[in-house]
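Down below is the structure, laid out as structure tokens.
The values are calculated or read from the model by the stated rules, or taken from the named source; none is laboratory data. Quick caveat, the model's predicted, so the values are computed rather than measured. Counting neighbours? That spans all protein chains shown, and the Cβs are built from the backbone with ideal geometry, glycine included.
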Amino acid sequence: MTKELDLDTYLIITNYKFVICLFNKKNFKSIYIQEFEFKNNTGAIDFNSLSKFLENNIFKIEKLTSKFINNIIVVIDIKEIKDLNIGIKKKNYVENLNSKNLEIIISEAKDLFKETYLDQKIMHIIIQNYLINGKNYLQFQKNLQVNDLGLEIKFISVSNKLSHQLEKVLEKYQIKISKYISGNYVENYFQGKRNEFPVMVYEIINGINENEVMLVPKNTTNRGFFEKFFQLFS
């Protein structure tokens, strides 16, 4: 593994600050971290200030690593992030519950979300509850004989307009956004734990939540557990 592959760059955007972090995935330490706090009475992102913040820090990181930043993970914690639960019910299902038929059901929910919310980009898909034969389960139950199946699925999304604006800002530095993460989701998942925020982000990205369906590119060959488990592609 090269030094470049050992590093992730996170851009964290909230209603009151920007943070950029270069994170070492081997030792779980932040090599470089800078933040800029500001007053915000509108709740909207000031893209000019964001561009200046990036200009002040991108080249410092690249000089530090002697590598260009090609991709960045954007963590967003602002009011515009949408959380929506969708319920899917299957009656007279009469099948053993396995990863393949679960994939089909979640794909249906994903397609329904996309058809209904054309202006939204999915960040996270999280199974909140499994209702199997009238009984609630919080985690996947493999190979149960199922007659009635219900899933409560949470979708966390960002608007296409906002993602496009962020992509335009980063294009100035020849950087692509590889993934969007909800900062509020990260904080809520680790509630009560004292891990540093970049570590929590890294663990969310790498599938610590067993109920999150990981969205991976179609050409991914080295899949983690949930990529193998659900095989859902963005």
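Can Lys90 be described as over 19 Å from Tyr189 (Cβ atoms), more than 24 Å from the chain's Cα centre (by Cα) and touching a residue at least 60 places away in the same chain (Cβ under 8 Å)? Yes: the conditions hold for Lys90. Here Asn101, Asn92, Asn24 are screened, and the one residue that is over 20 Å from Tyr180 (Cα atoms) and either modelled with pLDDT of 95 or more or surrounded by 13 or more Cβ atoms within 10 Å (Cβ to Cβ) (or both) is Asn101. Of all residues in segment 123-143, one or more are within 30 Å of Ile61 (Cβ to Cβ) and either touching a residue at least 40 places away in the same chain (Cβ under 8 Å) or not charged (D, E, K, R) (or both).
Lys121 falls short of the stated requirement of being more than 22 Å from Val186 (Cβ to Cβ) and either in a loop (DSSP other than H, G, I, E, B) or of a type outside the set (S, T, N, Q) (or both). When Tyr180 is tested against (1) within 27 Å of Pro198 (Cβ to Cβ); (2) more than 18 Å from the chain's Cα centre (by Cα); (3) assigned to a strand (DSSP E or B); (4) of a type in the set (Ser, Thr, Tyr), just one condition goes unmet, and that condition is (2).
Checking Asn136 against (1) over 16 Å from the mean Cα position of the chain (by Cα); (2) closer than 30 Å to Asp119 by Cβ, which test does it fail? The single condition Asn136 does not satisfy is (2). Pick out, from segment 1-87, the strands (runs of 3 or more DSSP E) lying fully within it that include 1 or more residues that are within 19 Å of the chain's Cα centre (by Cα). Hits in segment 1-87: 7-14, 17-24, 71-77. Out of the residues in segment 104-152 meeting the condition of being acidic (Asp, Glu) and under 30 Å from His164 (Cα atoms), tell me which one is surrounded by the most Cβ atoms within 10 Å (Cβ to Cβ). Selected residue: Glu152.
For the residues Lys142, Lys179, Lys114, the requirement of being in the same structural domain as Asn98 (by TED's automatic domain parsing), among the charged types (D, E, K, R) and either closer than 26 Å to Ile45 by Cβ or touching a strand residue (DSSP E or B) at 6+ places or on another chain (Cβ under 7 Å) (or both) singles out Lys114. Evaluating Asn101 against the criteria (1) in contact with a Phe, Trp or Tyr (Cβ under 7 Å, 6 or more places away or on another chain); (2) of a type outside the set (Phe, Trp, Tyr); (3) in a helix (DSSP H, G or I) leaves one unmet condition, (1). Residue pairs whose Cβ atoms lie under 6 Å apart, sitting 6 or more positions apart in sequence or on different chains, and linking a residue in segment 47-76 that is farther than 17 Å from Ser30 by Cβ to a partner that is among the hydroxyl-bearing types (Ser, Thr, Tyr) and part of a strand (DSSP E or B), are Asn71/Ser178. Considering only residues in segment 187-211 that are within 14 Å of His124 (Cβ to Cβ) and in contact (Cβ under 8 Å) with a residue 60 or more places away in the chain, the one that is surrounded by the most Cβ atoms within 10 Å (Cβ to Cβ) turns out to be Val201.
In segment 42-62, what residues are aliphatic (A, V, I, L, M) and loosely packed, with under 13 Cβ neighbours inside 10 Å? Ala44 - this is the single residue of segment 42-62 that is aliphatic (A, V, I, L, M) and loosely packed, with under 13 Cβ neighbours inside 10 Å. Condition first: on the phi > 0 side of the Ramachandran plot and assigned by TED's automatic domain parsing to the domain that holds Phe47. Can you find one or more residues in segment 160-174 that meet it? Yes, there is a match, as at least one residue in segment 160-174 is on the phi > 0 side of the Ramachandran plot and assigned by TED's automatic domain parsing to the domain that holds Phe47.
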